[in-house]
Amino acid sequence: EKRSFEIITKELGTRKIDPEFELVVKRVIHTTADFDYYDNMVFSEHALQKMMEAIRSGCDIVTDTTMAMSGINKKTLAQFGGQVHCFIGDADVAEEAKARGVTRSLVSMEKAARLNKPLIFAVGNAPTALYSICDLVRAGRLNPEMVIGVPVGFVNVVESKEDILALAQEKAVPAIVAR
């Protein structure tokens, strides 16, 4: 890992990264082996500082996939009083999504909004999860501490990420997005 980070630093050459975000950008490059993230990562003002403060205050993290959930260090999060949630596989979410003709991702974000705790959202799969978060915030039903938006695919992906960035401007919701 140390050698990989040395290679990343060498490959980036004279390109500069804001020191606040440097470790995250390099970690994403390390994870993906994709140097385009240098240009594609967008951070709202003091996003990482705000996220760390939220975690230290006992904030919970909500993901849209069990895979993302499995990658979060639950023991460390619990030291601060936080938990990780993923409702995508819950029977009630599946039933409601089917009845309404919407995605489970959308309904799972609505379910998360009913948690009575400060929340960080880490969306790595479904654009509809990002849209749901935006709708909930604009309706006054959710006030996230942070939204990380890196959904995949080709349908509504760009648009959902741009909506999160617009929300960051409109409502001062801290955000990290991979454009």
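The values are calculated or read from the model by the stated rules, or taken from the named source; none is laboratory data. From a predicted model like this one, the values you see are computed outputs, not experimental measurements. Ideal geometry is used to build each Cβ from the backbone, glycine not excepted, and the neighbour counts take in all protein chains shown. Keep in mind that these areas ignore ligands, DNA and RNA; they rest on the heavy atoms of the full protein, side chains included. Shrake-Rupley method; radii C 1.70, N 1.55, O 1.52, S 1.80 Å.
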Practice problem: Report, in deg cm²/dmol and to the nearest 500, the calculated mean residue ellipticity at 222 nm for the chain, where each DSSP H run with n ≥ 4 adds -39500 (n - 2.57) and the sum is divided by the residue count. | Solution: -15000 deg cm²/dmol
Exercise. Kindly state, to the nearest 0.05, the FRET efficiency for Glu95 paired with Glu162, given R0 = 30 Å and r defined as their beta-carbon distance.
Key: 0.45
Self-check item: With Cα atoms, 0 to 90° folded angle of helix 47-56 axis to the chain main axis
Solution: 60
Quiz item: Taking amide hydrogens as modeled 1.01 Å from N in the peptide plane, which residues meet the under 5 Å criterion relative to Ala175, leaving out close sequence neighbours?
Solution: Ser44, Val147
Practice problem: In a Gaussian network model over the chain where Cα atoms closer than 10 Å are linked, find which of Ala68, Ala139, Ala94 has the largest mean-square fluctuation. | Solution: Ala139
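At 1.4 Å probe size, with the rest of the protein present, what percent of the exposed accessible area of the range 59-125 is carbon and sulfur atoms?
Values: 1890 of 3480 Å².
Accessible surface attributable to carbon and sulfur in the range 59-125 totals 54 percent.
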Quiz item: If you count the DSSP beta bridges with both ends in the chain, what percent of them are antiparallel, to the nearest 5?
Solution: 20
Quiz item: To the nearest 10 degrees, how steep is helix 104-113 against the longest Cα principal axis of the chain, on a 0 to 90 scale?
Solution: 90
Self-check item: the range 1-157: projected area of the alpha-carbon convex hull, averaged over directions, in nm²
Solution: 10.4
Quiz item: With axes computed from alpha carbons, what is the tilt in degrees of helix 2-12 against the longest principal axis of the chain, rounded to the nearest 10 within 0 to 90?
Solution: 80
Quiz item: Between Lys117 and Glu170, what is the FRET efficiency for a Förster distance of 22 Å, r being their Cβ-Cβ separation, to the nearest 0.05?
Solution: 0.40
Exercise. Quick one: among Ile55, Ile29, Ile88, which has the greatest mean-square fluctuation in a GNM of the chain with alpha-carbon springs under 10 angstrom?
Key: Ile29
Quiz item: In Å², what does the accessible area per residue of the chain work out to with a 1.4 Å probe?
Solution: 55
